């Protein structure tokens, strides 16, 4: 005999005024098919009720562990069918949707039957407003905010471990999906038609223009990665560059590249935390690193930028941000991809800059540029998936493709964007209008064309 609590859950579900007669029939058919799995049936009923409430964009079909079929949403695209492989999965999805969804895909207990992973995650992200209204979701956000400072506490020892978790993976892995320069951050697509390599080159050019570089300036690159930006600033703009990274793998690769490029006299790469830097610089740039600082580290980060900038210096911070009321991090991403990561809001970032006594001299929001970057990365990873599997295993490959696809849809349909904030100690450190940025980019492009023409190449 069914347990009373399950009967009540089913009755509430069937009486939901939002469910059409046809949907009731579909649900009843699912009920008959799942009669054998009584332990998981109640959770599946509750999950179905939740999904009926949530899915408004797209069409989602769910096949449960007992082969019951459930349909949600409109008839509009995208249309996706997924299979839940265990009776326990619905309850896990209800308790912690983000973590359970990512883990289920990694483990193969959630499989895409029709459609694509990107389409499925597009449905999830395009309905996120309704998801955030759920009481369980609101509670988790409240809890994260309450324990956030401890959760995102990031001393140097923890920062080293967090960086090693992600960036000390095999360099061969990153070569499977990044551009030739290994730019592991948002590219810049002025028209949207650029190739990935072209867009990453334009990103470096865009940043250089905002830094107002001149020959002989000292530049600090915080979070220098594999060295591409630092080498570009040294070679194209005759700067003296110090690059900092906590990743041993990245530092080794960047030093090799500097030596091979004949730039070791102008570029040095150090495995050192930015908080340990004692010199002062004309320019400071930080791309894709602020997201690793953690909320409790905002003041230390911008105080350090203030300390290492010369009085007439200019800085630029390029980072992922969110339009959430308060920033945060996804639990699956925090556990498997970027431990210690925290996505800030623009408002809390600006507040920390003001507390550090720095001027904000320019802000630019790159909204869909990272979505396009991630689309390219996903396509390249898919094309080279077999090679990735030889480096790691199937579970890792599923984790990585979920990471890339979920990130893309968070920028395309969710609340993520990228901001570039230009900073200075003096309000007059840069021109009064931002026309100089476009002019510097055009001058640089003309110089490249002239050089190519002189050498017999194409502009």
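Every number in this text was worked out from the coordinates using simple rules, so none of it is lab data. In this text, all values refer to a predicted model and were calculated from it rather than measured experimentally. Backbone-built Cβ (ideal geometry, glycine too); neighbour counts: all protein chains shown.
Once the piece of chain linking residue 170 and residue 379 is laid out straight, how much longer is it, given 0.36 nm per residue of separation minus the C-alpha distance between them?
73.3 nm
Using a 7 Å offset from Cα along Cα-Cβ at residue 355, what residues in the stretch 293-316 end up with backbone N under 12 Å from the label point?
295-303
Does the stretch 323-430 come out rounded, prolate or oblate by the C-alpha gyration tensor, with a ≥ b ≥ c the root eigenvalues, rounded set by a/c under 1.5 and, if not, prolate when a/b is larger than b/c and oblate if not?
In terms of gyration-tensor shape, prolate.
Quick one: order 323, 409, 417 by neighbouring beta-carbon count within 10 Å, fewest to most.
323, 417, 409
With an 8 Å Cα cut-off and a minimum separation of 6 or more residues, compute the relative contact order for the stretch 156-454 in percent.
20 percent
Rounded if a/c is under 1.5, else prolate if a/b beats b/c, else oblate: with a ≥ b ≥ c from the C-alpha gyration tensor eigenvalues square-rooted, which is the stretch 156-454?
Since a/c stays below 1.5, the shape of the stretch 156-454 is classed as rounded.
What's the exposure ranking of 408, 372, 270, going from fewest to most Cβ atoms within 10 Å?
Arranged by neighbour count, lowest to highest, 408, 372, 270 become 270, 372, 408.
Calculate how large, on average over all directions, the projected area of the Cα convex hull of the stretch 381-459 is; give the answer in nm² to one decimal.
Computed as one quarter of the Cα hull surface, the answer is 10.8 nm².
Take 203, 425 and order them by how many other Cβ atoms sit within 10 Å, fewest up front.
Neighbour counts put them in this order, fewest first: 425, 203.
Classify the stretch 245-403 from the C-alpha gyration tensor, please: rounded if a/c falls under 1.5, else prolate or oblate depending on whether a/b exceeds b/c.
Cα axes put the stretch 245-403 in the oblate bin.
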